[in-house]
Amino acid sequence: MAHPRDRGFRSWLSRGPLLILIAVVLCGDFFPKPALARVIVEEKIEWHEVAGNTGNALRAAIRRNMGDDRLAFTDGQMSLLYRLRNEGGHCRLHDVRIQLTITYNYPKWTDQSGASTALRTRWQRMQTALTQHEAGHADLFLEQAHQLDMMLQTIRRPCALIDAEARQLPSLLAEEYQYRQEAYDVQANVNEDMRIYELY
């Protein structure tokens, strides 16, 4: 996920079919024995190294590594495991496991020895702000995993249909939360003081 920058909003109208499908799953037949999914979270940190003794040099190095204007990003990968239980011609999900891997990627300044105290202070201020911002992206990924859990617990379908529906839900929900991740970045441009990301 990106450092705050304008990306714009996509039209809600174009997302009608997706929202309707999610609503149908959430409001589907209630079944008194939920899937009892377990969300397992693993967090990782990766670094991309940068070098330089000026703010301009550091920003240029970050841009080369990232390929765009982002300073850092957070990625969330979800996998789903479950078994099917047949109960009178209809099936529900059993032994559900949702594995969420959150990976943070930050710049790492490899040699600060020739840099001014002011630049080192600005770098530390930027790193603190990046950590706080990317934590917001991680929270959205965690919310997405628990939302998937809730949606899976509502499913009770003919056994021939439930497996395909369960496997489709993660990608549909990921599309919806991608919009929310982008909206988070856009809103950050309003709420955050962008000067904390300046190195000049």
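Read-outs throughout are calculated quantities, based only on the coordinates presented, and are distinct from any laboratory measurement. The shown structure was predicted, so the numbers you read here are calculated from the model rather than taken from an experiment. When we count neighbours, we look across all protein chains shown, and the Cβ atoms used for this are built from the backbone with ideal geometry, even at glycine.
Figures for the structure shown
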{"quantity": "Sorted by Cβ neighbour density within 10 Å, fewest at the top, the residues Arg156, Arg92", "calculated": "Arg156, Arg92"}
{"quantity": "Shape category assigned to region 117-200 from the gyration tensor of Cα positions, a/c cut at 1.5", "calculated": "prolate"}
{"quantity": "Chain lengthening between Ala51 and Asp111 when straightened (0.36 nm per residue, less Cα-Cα)", "calculated": "21.0 nm"}
{"quantity": "Which of Ile40, Ile102 has the fewest Cβ neighbours within 10 Å, and the rest in rising order", "calculated": "Ile40, Ile102"}
{"quantity": "Taking Thr74, Thr54, Thr128, Thr154 and counting other C-beta atoms within 10 Å, the order from fewest to most", "calculated": "Thr128, Thr54, Thr154, Thr74"}
{"quantity": "Counting DSSP beta bridges with both ends in region 34-193, the antiparallel % (nearest 5)", "calculated": "55 percent"}
